[in-house]
1. For segment 68-82, what are the residues that are over 26 Å from Ala178 (Cβ atoms) and buried (at least 16 other Cβ atoms within 10 Å of the Cβ)?
2. Restricting the search to segment 41-86, which residues are at positive phi and modelled with pLDDT under 90?
3. Hey, could you check segment 58-77 for residues that are out of contact with any Asp or Glu (no Cβ under 9 Å at 6 or more places or on another chain) and of a type in the set (D, E, K, R) and say which is farthest from Arg108 (Cα to Cα)?
4. Need pairs with beta-carbon distance below 8 Å; first residue of a type in the set (A, V, I, L, M) and within segment 179-200, second modelled with pLDDT under 60; sequence gap 6+ or separate chains.
5. If I filter segment 118-134 down to residues being out of contact with any Pro (no Cβ under 7 Å at 6 or more places or on another chain) and among the small types (Gly, Ala, Ser), which single residue comes out as surrounded by the most Cβ atoms within 10 Å (Cβ to Cβ)?
6. Please specify each residue of segment 29-62 satisfying the condition of being of a type in the set (Ser, Thr, Tyr) and either touching a residue at least 60 places away in the same chain (Cβ under 8 Å) or farther than 25 Å from Pro133 by Cα (or both).
7. Would you mind stating whether Gly89 is farther than 16 Å from Asp34 by Cβ, at pLDDT below 95, in the same structural domain as Arg57 (by TED's automatic domain parsing) and exposed (fewer than 14 other Cβ atoms within 10 Å of the Cβ)?
8. Of everything in segment 1-58 that's among the hydrophobic types (A, V, I, L, M, F, W, C) and under 23 Å from Asp71 (Cα atoms), which residue is nearest to the chain's Cα centre (by Cα)?
Amino acid sequence: MTASTAIARIKIVLDDVEPAVMRRLEVPLKLRLDRLHIVIQHAVGWTDSHLYEFRIRDIGFGIPDPDWGFDGPLDARKTTLLDAIEDTGAKSFRYIYDFGDGWEHSIRIERIGTAVPGLVYPRLIDAAGRCPPEDVGGPWGYQEFLEAMTDPDHERRRETVEWWGEETFDPTAVDSAAIEEALTKLGRRWTRRPRTMSRGKAE
């Protein structure tokens, strides 16, 4: 097995949320962290509308802000998952999305293996739990949202339904087919070889 063919199986759990939201994925070990962020967004169901940061041991990786100087995160676009875990020795780390709502995800590398020829990575292995609505107010806001959506007599029922735009919300529903399709598109786009000019045109 070489680094270029190595695949990491990772388990992602959204912290402090019930019913549990979990995704198990296989991703290339040499995937850049900014691309791992995109993978997580598609896999969990977020809309990539807010800032993010990976916290691996005591090191943060994200999109640097020049105003933060040396206090900001390292550039996720310049670090691969392989580099990050080799440099820190970590087998688990955190992914934080939307610093306002404070969605924290626990990520654990379950195993590392070799890519299967013909398969497109990243790919979904297992999934449970629906992604909370964006901007719902973090785990505690999500709990209140669920209570209002399931209790017709809840004091915020009408307000919540108007905000959500639908009468129901099933927190256990997962559209695995849509996730698989989105991840396959990413994998094919990232592995697409650039077009080269034919000899006739080049001459």
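1. Scanning segment 68-82 gives Pro73, Leu74, Thr79, Thr80, Leu82.
2. Once the filter is applied, which keeps residues that are at positive phi and modelled with pLDDT under 90, segment 41-86 yields only Gly69.
3. Applying the filter and picking the extreme gives Asp67.
4. If the second residue must be modelled with pLDDT under 60, no pairs are left.
5. Here the answer is Ala127.
6. Thr47, Ser49, listed by residue number.
7. yes
8. Ranking the candidates gives Leu36 first.
The values are calculated or read from the model by the stated rules, or taken from the named source; none is laboratory data. Treat the numbers as computed from the prediction; the structure is a model and nothing was measured. Because the Cβ atoms are built from the backbone with ideal geometry, glycine has one as well, and the counts that use them run over all protein chains shown.
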